[in-house]
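The structure appears below as structure tokens.
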Amino acid sequence: PANPNPADPNPATPDAEVSDADRSAQETEPIRKIDFSRDIQPILASRCFSCHGPDVNEGGLRLTGFDEATAECDSGDFAIVAGDPDASMILERITSDDEFERMPPEGEPLKEEQVELLRAWIEQGATYTKHWAFRPRQHPQPPQLNPGDMAGWPGDDHRSDGDRSDGDRGGTSASWEDHPIDAFIAKRLIEHGLPPAPPADRKTLIRRMAYDLTGLPPTAEQIERFVRDDRPDAVGRLADRLLASPHYGERWGRHWLDLVRYAETNSFERDGPKPNAWKYRDYVVDALNRDKSYFDFVREQIAGDELDQVTDESLTATGYYRLGIWDDEPADPQQAKFDQFDDLITTTGQAFLGLTINCARCHDHKIDPIPQADYYAMLAFLADVTPYAQRSDLVGNNQIDISPQWLRKRYAELDEEQRSLEKQIRDIEQASIAKMSAPDQRATEGPKRQRRKVLAKRMAEFTEAQTMVRYRELKSKLAASISAEKELPERSSVLGLAKTRRVPETTFVLFRGNPGSPTDEVSPMFPSLFEASRPTIPEPAASQDSAGRRRVLADWLADPDHDLAPRVIANRVWQFHFGRGIVRSSNNMGRLGTPPTHPELLDFLADELARGDGSLKRLHRMMVTSRTYAQQSAVDNPTAIKKDPANDLYWRFDPRRLSAEEVRDSILAVCGSLNHAVGGPSVYPQLSAEVLAGQSRPGAGWGKSSPADQNRRSVYIHVKRSLITPLLAAFDFPDPDQTCEARFETLGPNQALALLNADWMQQRAADLIAHLNLESATPQQLADGIIAEVLRRDASDAERDAAAALVGDLIAAGLSPDDARRWYALSVMNWNEFLFLD
């Protein structure tokens with residue numbers, strides 16, 4: 001018999017194993033309504049489109065739309081007959097036992113549950129609905145639950161009936177129906193007959209929340225305070241304390257920096273520096289710490305120079321446009337120009353909209369309804385953005401002077417004065433040089449030192465006395481002007497849009513993306529899939545240096561009522577708390593992305609962001625005070641593992657490995673070495689000569705920081721594209737050349753080698769011994785002290801015995817007692833308990 005619940009991966013058992021009562025229930029239970037975007041689109045995209053999709057229609061069959069899918073094939077058959085599965089050839093082909101007839105021809109056959117989904121979809125009319133991400137937000141309310149459906153679910157040992165969700169959605173919940181997030185999650189769990197995992201203990205919960213919100217382990221005092229806090233709102237209070245920490249912005253700022261491909265150099269062979277890039281990083285950290293409205297955060301980065309109130313902060317935000325790679329010597333300047341635009345469109349489309357608009361650069365998007373013209377219409381919004389730099393001027397386009405007005409005016413006056421004096425001086429010098437001998441003339445064309453030497457020796461000989469008096473006066477005035485400039489306060493500059501085009505070049509659709517083949521002219525337009533009205537681009541004011549187009553784009557992207565943009569950021573916040581987004585492909589919410597597991601919850605969170613005036617901290621608090629977040633990770637539930645191995649229903653908490661920065665920062669923290677200073681210029685950890693030798697110019701561009709600065713948090717390490725800090729690279733620091741939606745979490749031998757053998761780790765182990773005053777400790781004392789500091793718990797008798805055995809073996813092998821203690825400390829910092837988060 002057909003599976004009565006096509007979403008259930010466990011098909012019905014054979015007839016011989018099904019009772020009459022069960023069979024009767026199966027025959028009368030209605031099949032749920034199939035959602036094309038959630039249930040069918042992923043199957044077609046992953047298994048069918050390669051032969052029957054946008055580019056290829058083998059056998060005359062294309063499955064991209066209803067009319068095409070239900071049309072007669074070349075064979076005269078109909079692959080899909082709406083409402084009639086038995087007459088639909090597609091089902092016969094995908095279930096065929098003949099390997100030459102079965103579709104798809106390559107790979108494993110479709111799973112039985114996928115076949116049943118297709119069968120139910122065809123029976124229900126084979127409806128092609130608009131992709132979920134392109135539909136308007138539905139503004140759902142939390143579902144009402146029947147407490148009886150949750151009978152027997154695990155209780156909660158760290159919340160009470162008074163610990164409830166309050167009116168601002170910020171409190172914790174007494175039961176699953178009391179918290180909006182829990183209500184959405186519980187509804188799906190009930191539908192699939194799965195109970196949630198029991199709640200995690202308080203030590204686990206505070207460690208989880210501390211890392212998620214600040215990226216640092218909780219101290220022993222913080223753990224003890226939380227464990228002993230018996231107030232009903234203890235979890236909410238903990239969340240508030242962590243969100244108020246300046247380390248919150250450092251942790252979540254790094255997530256954003258991944259998205260906008262943050263780095264402080266240009267890549268390519270020379271990999272030159274981006275001056276003041278660190279100020280953009282500090283802008284992000286500070287904006288998050290102050291809980292700047294996400295909508296303002298977007299506006300400032302996209303059009304910070306075009307807002308009604310332009311500030312130093314908003315100008316710094318435009319550093320977003322200067323973070324990408326830049327080739328200072330391109331083989332094809334026109335191609336390089338459009339490559340820079342493509343980098344901006346790729347990052348803007350994926351980071352803010354979760355769409356791969358960049359796929360339409362050379363042709364219409366193959367999957368999503370994004371024609372090529374839409375790509376260039378987006379480019380037209382950004383057409384006033386100048387290149388990062390010119391080889392003749394590496395800073396003029398990207399460094400904005402934000403000094404006080406009076407200081408800028410005074411510098412401008414002195415600069416103009418010096419240029420005038422230098423010209424007059426050089427004119428006199430050139431007139432004299434013209435009268436000199438050829439060897440002397442050639443010498444003045446060489447190094448400046450040689451020129452000055454010739455002029456000092458021969459100038460008076462070929463210059464009239466009165467002119468020499470004038471020459472010396474000019475030199476004296478120039479020296480005085482330079483001296484006056486040195487006495488002024490230093491100018492302050494930020495990386496950003498220092499120069500833009502008030503009247504941009506006309507934008508054309510480029511045939512196959514070729515800059516040499518322009519076709520139709522296009523103007524700024526929002527992607528047509530949003531069915532938005534044509535934007536009105538105001539005429540730029542006479543005093544305006546930009547075209548004003550980016551302000552229109554920014555207001556559209558930052559509209560709280562936008563159908564997609566709030567979903568994208570709400571999904572990202574969820575992703576970094578729960579290990580993956582409600583939409584796993586958080587940079588691609590189009591048709592080739594993964595469908596949302598809980599679309600109503602995603603819309604609810606997007607609405608909450610809008611209702612909270614763009615407060616991200618409000619979303620954080622709601623998520624971390626939910627029962628869903630507080631579940632255990634290690635659960636013995638074979639039924640749940642079989643039904644939902646990927647944990648799409650959130651029946652438990654997914655454990656994760658610490659990120660690269662969390663690994664390094666945690667090691668510094670437990671060793672007592674972490675420098676908690678916030679903000680400022682980037683720092684340079686000491687790197688070995690072997691690492692520096694990997695550059696085209698070994699060591700170039702890598703500074704030297706003080707020991708205290710080298711112990712600052714990893715977010716402040718200088719990000720040089722050609723020289724990623726090895727420890728961070730070993731733990732999957734992202735490629736800063738492109739937007740990163742989610743980092744890999746690999747487990748490899750290079751990580752263990754780095755944590756055991758690196759000189760930096762050897763020194764940290766010694767620091768840990770000194771920090772705990774264990775230089776003369778017995779092995780048992782060593783285990784007690786180090787396990788308590790690193791793992792925040794008491795050592796067991798077995799661990800004390802193991803410490804004694806290890807230290808004894810190391811000494812027997814010829815190590816000194818000090819080295820043996822150090823190696824034991826090093827080993828504990830390699831334990832999974834330290835490097836993983838439950």
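The values are calculated or read from the model by the stated rules, or taken from the named source; none is laboratory data. Quick caveat: nothing in here was measured; it's all calculated off a predicted structure. Every residue, glycine as well, gets a Cβ built from its backbone with ideal geometry; the counts of neighbours run over all protein chains shown. Protein only, heavy atoms only, side chains kept; ligands, DNA and RNA dropped before computing areas. Shrake-Rupley method; radii C 1.70, N 1.55, O 1.52, S 1.80 Å.
A few notes on this one:
- Between helix 797-812 and the chain: long-axis angle, C-alpha atoms, 0 to 90°, nearest 10: 50 degrees
- When peptides 254-261, 585-592, 645-652 are ranked by their average number of other Cβ atoms within 10 Å per residue, the highest-first order is 585-592, 254-261, 645-652.
- Kirkwood-type radius of region 456-528, with distances r between different C-alpha atoms, in Å: 19.0 Å
- For residue 88, the residues whose amide H sits under 5 Å from its own are 81, ignoring neighbours fewer than 5 places away on the same chain, with H placed 1.01 Å from N.
- Per residue, the convex hull volume that the Cα atoms of the chain enclose (Å³): 246 Å³
- Violating pairs (Cα-Cα greater than 29 angstrom) within the set 130/642; 274/617; 292/499; 292/337: 130/642; 274/617; 292/337
- Sorting the segments 434-442, 48-56 by their residues' average number of neighbouring beta-carbon atoms within 10 angstrom, most packed first, yields 48-56, 434-442.
- Within region 271-410, the percentage of alpha carbon pairs spaced more than 20 angstrom apart rounds to 55%.
- Total formal charge among the other residues, if their Cβ is under 14 angstrom from that of residue 312, Lys/Arg +1 and Asp/Glu -1: -3
- With Cα atoms, 0 to 90° folded angle of helix 660-670 axis to the chain main axis: 80 degrees
- Dimensions in Å of region 582-707 - Rg and Dmax from alpha carbons: 21.6, 58
- Overall, the accessible surface of region 234-353 at a probe of 1.4 angstrom is composed of carbon and sulfur to the extent of 50 percent.
- By accessible area, using a 1.4 Å probe on protein heavy atoms only, region 510-646 has 48% of its surface on carbon and sulfur.
- Protection proxy ranking of 314-325, 473-484, by the mean of other Cβ atoms within 10 Å over each peptide's residues and highest first, is 314-325, 473-484.
- Here region 57-159 is treated as an ellipsoid with the same Cα gyration tensor; its semi-axes, largest first and in whole Å, are 39, 20, 13.
- Accessible solvent surface per residue of the chain, calculated while the other protein chains remain in place, 1.4 angstrom probe, Å²: 45 Å²
- Charges were assigned to the Cβ only: +1 to each Lys and Arg, -1 to each Asp and Glu. The resulting dipole of the chain about its Cα centre is roughly 4760 debye.
- Accessible area, probe 1.4 Å, largest first, for residues 539, 600, 521: 539, 521, 600
- Inverse of mean 1/r across different Cα pairs in region 790-838, Kirkwood, Å: 11.6 Å
- Acute angle (nearest 10 degrees) that the helix 759-771 long axis makes with the longest principal axis of the chain, alpha-carbon atoms: 80 degrees
- Under Karplus coefficients 6.51, -1.76 and 1.60, residue-wise ³J(HN,Hα) of region 236-247 in Hz, glycine/proline x: x, 5, 4, 4, 5, 5, 5, 5, 7, 6, x, 6
- Radius of gyration (Cα atoms) of region 741-827, expressed as a multiple of 2.2 N^0.38 Å: 1.18.
- Taking 17 Å as the straight-line reach from the Cα of residue 643, the lysines in range (excluding those fewer than 8 positions away in the same chain) are 111, 187.
- In order along region 617-625, the Karplus-derived 3J(HN,Hα) couplings, from 6.51 cos²θ - 1.76 cosθ + 1.60 at θ = phi - 60°, round to 4, 4, 5, 4, 4, 4, 6, 7, 9 Hz, and Gly and Pro are given as x.
- Over region 532-615, all Cα pairs binned in 10 Å intervals from 0 give whole-percent P(r) values of 16, 38, 26, 14, 5, 0, listed from short to long.
- In percent, rounded to a whole number, the relative contact order of the chain is 15, using alpha-carbon pairs under 8 Å and six or more apart.
- The charge dipole of region 673-827, taken about its Cα centre with unit charges on the Cβ atoms of Lys, Arg (+1), Asp and Glu (-1) only, comes to about 640 debye.
- Whole-Å semi-axes of the ellipsoid equivalent to region 352-451 (Cα gyration tensor, √5λ, descending): 51, 22, 10
- Excluding same-chain neighbours fewer than eight residues apart, the lysines reachable from residue 448 by a Cα-Cα span under 21 Å are 423, 435, 457, 475, 477.
- Using a probe radius of 1.4 angstrom, the carbon and sulfur fraction of the accessible surface of region 659-735 is 55%.
- Cα centre as origin, Lys/Arg/Asp/Glu Cβ charges: region 212-271 dipole, Debye: 120 debye
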